[in-house]
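Trainee: Would you mind keeping the following structure in view while I ask a few things?
The values are calculated or read from the model by the stated rules, or taken from the named source; none is laboratory data. Keep in mind it's a predicted model, so treat the numbers as computed, not measured. Counting neighbours? That spans all protein chains shown, and the Cβs are built from the backbone with ideal geometry, glycine included. When the accessible area is computed, the model is the full protein with side chains, heavy atoms only, and any ligands, DNA or RNA have been set aside. Shrake-Rupley method; radii C 1.70, N 1.55, O 1.52, S 1.80 Å.
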Amino acid sequence: MSPKKFTVLVIPEGSHHVRRFAFKRCWLVATVVFGVVFLAGVGLLGWDYCRINLDRGELGRLRVENRTQQGDLRRLTANLEGLRQDLMVLSQNDAKVRVMAKLGKPKIDGLAGVGGPPEEDPANEFSALQHQVDEIMQAIDLRRASQEEISGILNDERSLLGAKPKGWPTRGWKTSGFGMRKSPFTGRPKMHEGLDIAARTGTSVSATADGIVSQAETAPGYGKLVVIDHGYGFKTFYGHNSKIHVKVGQRVKRGDRIASVGSTGSSTGSHVHYEVRRNNVPLNPKKYL
Ligand SMILES: [Zn+2]
């Protein structure tokens, strides 16, 4: 059985008086409990204080970082605005080139009415920034598509220009033009589908446009014949050659030597019979000289 009361004796040094303090057990228990709770409270407060001190340092650092980042964000917004202005200029140049290339307006223009001063709320500022980036990316895609369209058209025009027969196939003089004439063989009127250019045998015959050799052989009437396919429906014929210098399938450029002047086939003298056809319809070569 535990005691109900405790007595504490206090004997001061050099004195004979003994002091007695009597406690009830419940008081002692209460004191111990209170002490434990008090110490725990003090410990918690101390720990919290340390943590707040640590956080304060972190907070200061975060504030500085936040300010820096806000500055960065503003600079970025300003840069984007500059980029947007540059793109506007590009877009205007693009429009001019499109007019020159006889092209219509691109489907949509992504840069109309975007931009403005940076927002105050960082969240809004960020979403505005994101919006600007999206707009610029869209505008770049549009410009890219437009440039591809323009360069496609220009390439087409360049190859059409290269495909259109131009100039004389040989150095010589015209002896017979395109149209109805009396056949030198039968004496009857006959359609002459080309141009006859007289020249010394062996003189170079050259391609009048870029293309691919589609015939290089002896053909009835034509003698040694070279036909070049230029694309876009254009073909040129070079007849009566003495020699052929190209092979079927060979790619030739305007001015390349393809044959030598001769008098093979139905011919009365050394000359080139030159034909220009579009979609197999003979055209007057005079218009392509
Ligand atoms: Zn002829």
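Residues checked against (1) more than 14 Å from the ligand (Cβ to nearest atom); (2) open to solvent by 50 Å² or more (accessible area, probe 1.4 Å); (3) under 20 Å from Ser176 (Cα atoms); (4) touching a residue at least 60 places away in the same chain (Cβ under 8 Å):
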position	(1), (2), (3), (4)
Gly211	yes, no, no, no
Glu217	yes, yes, no, no
Gln250	yes, yes, no, no
Ser267	no, no, yes, no
Asn284	no, no, yes, yes
Lys287	yes, yes, yes, no
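Trainee: State all residues of the range 149-188 that are open to solvent by less than 100 Å² (accessible area, probe 1.4 Å) and within 15 Å of the ligand (Cβ to nearest atom); if no residue qualifies, say none.
Mentor: Pro169, Thr170, Gly172, Thr175, Ser176, Gly177, Phe178, Gly179, Arg181, Ser183, Pro184, Thr186
Trainee: Next question. Suppose we keep only residues that are open to solvent by less than 60 Å² (accessible area, probe 1.4 Å) and of a type in the set (D, E, K, R) within the range 49-87. Which one would you say is nearest to Leu129 (Cα to Cα)?
Mentor: Top of the filtered list is Glu81.
Trainee: Here's a follow-up. Give the range 236-246 a look and list any residue that's within 16 Å of the ligand (Cβ to nearest atom) and crowded, with 21+ Cβ neighbours inside 10 Å, or say none. Steps first, answer last, please.
Mentor: Start the filter on the range 236-246 by keeping residues that are within 16 Å of the ligand (Cβ to nearest atom), which leaves 236-242.
Across the range 236-246, the qualifying residues are Thr236, Phe237, Tyr238, Gly239, His240, Asn241.
Trainee: Additional query: Out of the residues in the range 191-209 that are charged (D, E, K, R) and either open to solvent by less than 50 Å² (accessible area, probe 1.4 Å) or away from the ligand (no atom under 16 Å from the Cβ) (or both), which is nearest to Ser266 (Cα to Cα)?
Mentor: Within the range 191-209, the match that is nearest to Ser266 (Cα to Cα) is Asp196.
Trainee: May I ask you to list the residues in the range 157-171 that are in contact (Cβ under 8 Å) with a residue 60 or more places away in the chain and either on the phi > 0 side of the Ramachandran plot or of a type in the set (Asp, Glu) (or both)?
Mentor: Gly167
Trainee: Mind listing just one residue for me: the one in the range 221-234 that is more than 16 Å from the ligand (Cβ to nearest atom) and either buried (at least 23 other Cβ atoms within 10 Å of the Cβ) or not assigned by TED's automatic domain parsing to the domain that holds Ser206 (or both) and, of those, farthest from Ile197 (Cα to Cα)?
Mentor: Here the answer is His230.
Trainee: What do you reckon, is Tyr274 within 45 Å of the chain's Cα centre (by Cα) and within 11 Å of the ligand (Cβ to nearest atom)? It would help to see each step written out before you state the result.
Mentor: On the way: within 45 Å of the chain's Cα centre (by Cα): yes; within 11 Å of the ligand (Cβ to nearest atom): yes.
Answer is yes for this residue.
Trainee: Also, quick follow-up: Of the residues Glu135, Glu125, only one is surrounded by 15 or more Cβ atoms within 10 Å (Cβ to Cβ), of a type in the set (Asp, Glu) and more than 21 Å from the chain's Cα centre (by Cα); which? Let's see the steps before the verdict.
Mentor: Working: Glu135 fails: more than 21 Å from the chain's Cα centre (by Cα).
Criteria check complete, one pass: Glu125.
Trainee: How many of the residues making up the range 201-225 are among the β-branched types (Val, Ile, Thr) and out of contact with any Gly (no Cβ under 8 Å at 6 or more places or on another chain)? Write out each step before concluding.
Mentor: Filtering the range 201-225 for residues among the β-branched types (Val, Ile, Thr) gives 201, 203, 205, 208, 212-213, 218.
Checking which are out of contact with any Gly (no Cβ under 8 Å at 6 or more places or on another chain) leaves us with 205.
Selection size over the range 201-225: 1.
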